[in-house]
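What follows is a single structure, written as structure tokens, with notes after it.
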Amino acid sequence: EWRPLGTQETKLLEDLHRTGRRTASITLRGQEYNFDLAAGYQTNLSTGRPRRIRRVTPHQTALQQIEDAENPVCEYVEEASNQRCVEVWLAGDWKRLPNSESMEIARRQAAGESHFEVVRDKFRYQIDLKNMTQTNVASNRTRIIRFMSSQVGNGPDMGFGEFREAFHRVAQKEKYVHEEQVTRSCMAWADPDDISLLTPTVKAMLKEMDLRGTQKVDMTQWNHYWALERDSPSFHAGRDVNEKLREALVKDPQVLGRMQMHFDTAVGEGSSKAGLSKDDLQRACKRLVGTPQEVIEKQWAAEVLEQDEASEFADDYELTYYDFLNVMLGRKRFKVTLYMYDISDGRAQAWSWLLLGKQFKGIWHTGVVVEWPDRSAEFWYGGRLFESKPGTTPFGEPVEKRTLGYTYKLREEVWAHVSKFLAVEFTHERYDVLTHNCNHFSDRLSMFLRNEHIPDEIRLQPDMVMNSLVARALRPLLNHWLGNFGGVEGGGATDDGSAARKLWEGVMPGALIEFSKEELGRPLVGRVTYVSDAECAVACVDFWARKTIERCVPRQLVTDVLAPAPASSTSRRTSEVQGPIVSDGWLCKGM
């Protein structure tokens with residue numbers, strides 16, 4: 001049965017929920033527990049035993065309080081929209097594992113297993129759920145994995161066959177589909193009351209599909225849209241591919257259809273049903289280079305072979321349709337550097353042992369620099385989060401510039417993550433030179449960019465000096481200095497949250513909003529049905545489920561209010577709320 005969690009667990013989970021973070025660990029009663037908010041599980045890391053958790057809010061209806069409701073965080077989301085999946089960090093981003101493999105890992109976890117083996121095609125993997133890793137048995141290569149919620153119709157098992165079938169169902173033997181036609185097709189299964197929701201949803205969908213700007217969409221554009229929705233690591237990454245494709249389509253209107261043919265052909269010839277191995281990619285490029293026709297993709301293939309792009313991928317890596325296009329169109333990676341500033345101005349090297357009890361080369365403030373082609377940017381924390389031209393921060397010239405590696409994240413992705421997710425955690429009020437400082441921010445941003453921590457000598461420096469008398473004595477002074485920077489010339493900064501608060505004030509029952517299902521996801525349209533302080537429930541159209549469903553949306557994922565709530569909607573809560581009132585809190589349930 002469900003039972004309330006203790007005070008410490010509840011405090012930790014509320015902090016995660018408020019800041020938008022997904023995972024955290026805590027030691028209780030001599031046992032270490034990992035909490036995964038996105039997956040809705042608490043796992044005892046000593047025994048590997050998982051327990052489901054869910055958040056209970058006031059004013060839930062009787063339906064929302066049903067004990068067997070599948071969503072562990074927001075009870076009012078339908079069961080079908082919250083299946084669990086597993087993602088693995090591959091080639092610079094998170095990639096979703098096949099549904100069958102995700103289900104097997106989830107089943108084994110639910111059975112209390114923390115170390116086991118799974119098989120995919122010819123590869124065998126050791127899964128370690130204590131450390132959340134996947135190890136290729138043959139190559140001994142270890143990667144990080146994570147649990148995420150899986151959305152209806154977006155699974156990796158849905159392919160071009162399903163996309164074509166859906167197009168023909170909508171097009172009714174015509175060559176193109178347009179907004180009115182798609183809306184009419186959806187009305188066959190949509191509730192008539194949802195026409196106000198259906199119209200903007202279809203309009204936004206067709207706008208993204210229409211790469212040629214003709215206000216009509218053929219089957220290649222239709223397939224491309226849904227394949228990117230399935231494969232793209234973020235909306236911004238997919239949009240970057242689309243911008244390159246739009247340029248190519250001006251030169252050759254048929255290139256998109258041929259690229260889909262090349263991908264489908266290569267998948268059919270390979271050993272996988274869903275993607276390409278690096279050998280498959282090389283074979284496809286060699287065949288293209290050898291073709292007698294002078295087509296635009298022939299040059300792309302020659303450049304892939306010349307630059308040996310395939311060597312970057314491991315033997316067991318499967319390139320999705322998005323990966324294939326991204327490589328062929330010339331995907332870019334960007335250098336990431338840690339700028340290190342010594343706020344002691346060289347004195348630490350001479351005096352740190354005497355004053356702090358340890359020898360330090362410097363007392364470090366850090367910023368993370370990403371070198372994009374148009375403009376490099378340095379991101380740092382000083383009470384707010386800032387984006388500056390590298391080396392122009394108030395700290396002067398860096399003592400050291402340490403290369404961390406490379407990222408494929410675009411500027412828009414990074415700033416969206418910084419301003420929408422990290423900014424709620426790294427604020428003026430929460431700045432602490434020992435427990436929540438610039439280096440903690442640099443580490444979080446490095447994990448987003450590369451899934452790797454900054455060097456321990458910097459990341460753990462506050463822990464090494466925390467108990468010294470000098471550090472504790474200087475703490476208030478340093479907090480006032482380092483946590484109170486104002487604006488920076490020629491750069492950007494997050495606000496105090498006023499814009500987000502103003503936006504949230506407009507999120508009321510009946511309002512039409514723009515939101516995404518996950519961080520950096522594609523913007524969607526929904527009508528608000530319920531609002532709490534940290535999240536809202538929205539009704540939205542699910543094309544593949546062929547119905548209007550309800551989703552739980554954290555406030556960080558709401559991006560705009562498209563139409564205000566009706567004047568009659570004066571409360572932050574729906575007027576339809578019934579059933580017993582329950583207290584805010586978190587419940588857990590054994591498995």
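We did not get these values from a lab; they are worked out from the coordinates using the rules stated. Source: prediction; values computed, not measured. As a convention, Cβ positions derive from the backbone with ideal geometry for all residues, glycine included, and neighbour counts pool all protein chains shown.
Details
- Segment residue 376-residue 45, length gained on full extension (0.36 nm per residue, minus Cα span): 115.1 nm
- In this structure, the pairs whose alpha-carbon distance is over 29 Å, taken from 175/547; 361/389; 130/335, are 130/335.
- Counted by Cβ distance under 12 Å from residue 374, the other residues give a net charge of +1, where Lys and Arg count +1 and Asp and Glu count -1.
- Dividing the convex hull volume of the alpha carbon atoms of the range 393-441 by its residue count gives 124 Å³ per residue.
- For the range 532-542, putting each phi into the Karplus relation 6.51 cos²θ - 1.76 cosθ + 1.60 with θ = phi - 60° gives couplings of 10, 5, 10, 7, 9, 9, 10, 8, 9, 7, 10 Hz, in residue order, rounded to whole numbers and with x for Gly and Pro.
- Radius of gyration and maximum dimension Dmax of the range 103-212, Cα, Å: 21.2, 56
- Listed values for the range 388-400 are Karplus-derived 3J(HN,Hα) couplings in whole Hz (6.51 cos²θ - 1.76 cosθ + 1.60, θ = phi - 60°), namely 10, 5, x, x, 10, 6, x, 8, x, 7, x, 6, 8, and x replaces Gly and Pro.
- Built amide H within the under 5 Å cut-off of residue 97, gap 5+: 86, 87, 88
- Most to least packed among 235-243, 401-409 [average Cβ atoms within 10 Å]: 235-243, 401-409
- Once the C-beta distance of residue 184 and residue 547 is scaled by a Förster radius of 22 Å, the resulting FRET efficiency is 0.85 to the nearest 0.05.
- Built amide H within the under 5 Å cut-off of residue 405, gap 5+: 336
- Peptides 109-115, 275-281, 5-11, 364-370, ordered by how many other C-beta atoms sit within 10 Å of their residues on average, highest first, read 364-370, 275-281, 109-115, 5-11.
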